[in-house]
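Here is the structure we will look at.
The values are calculated or read from the model by the stated rules, or taken from the named source; none is laboratory data. Not measured: the values here are computed from a predicted model. Backbone-built Cβ (ideal geometry, glycine too); neighbour counts: all protein chains shown. Side chains are part of the model used for accessible areas, which takes the heavy atoms of the whole protein and leaves out ligands, DNA and RNA. Shrake-Rupley method; radii C 1.70, N 1.55, O 1.52, S 1.80 Å.
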Amino acid sequence: MGLLDKLIVAKVAAHDAGADVAVDVSGASDAQVLGTLVSTFGADDSCTEIQVRRGGVLLGTVNREATITFVGDGLKGVGASDAMLLPGVGNYSTTHWVCPRRDCGYSLVTIVFDDAPNCARHPDQTLVLQS
């Protein structure tokens, strides 16, 4: 059982699960996925759920509560994480894409990608970088 199996609260097969934000986890380690989910929720207090995709395929949704519960929200003391070793590569970045169509609101956070992704609500529309 992987990290996503613990966090995905709704497995869906629909083209659009209803969430305005999606994260594509293609090629990402568990540490990168968790970091991206936490930073995406942290950047937008109104974001309550995120679609999780792998290679464009919708795996399900992760909600804010499940992620916060998994990570925990307590404060740690100085040096509490000194012995912590995380798997994967620590040097990575995320890219935030948005649909340029007026009043759409769809966005996608990618960790690893080859080509610009398309909007899940407008499959013919290529997403643009958020400025």
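List of remarks:
- Note on the range 3-28: among residues that are small (Gly, Ala, Ser) and either closer than 18 Å to Cys119 by Cα or open to solvent by less than 30 Å² (accessible area, probe 1.4 Å) (or both), the one that is modelled with the highest pLDDT is Ala22.
- Sub-8 Å Cβ pairs linking a first residue in the range 20-37 that is on the phi > 0 side of the Ramachandran plot to a second residue that is in a loop (DSSP other than H, G, I, E, B) and open to solvent by less than 30 Å² (accessible area, probe 1.4 Å), at least 6 apart or interchain, are Gly27/Ile111, ordered by first then second residue.
- Scanning the range 31-76 for residues that are assigned to a helix (DSSP H, G or I) and open to solvent by less than 50 Å² (accessible area, probe 1.4 Å) yields a total of 11.
- Any hit, the range 69-87, residues being small (Gly, Ala, Ser) and modelled with pLDDT of 75 or more: yes
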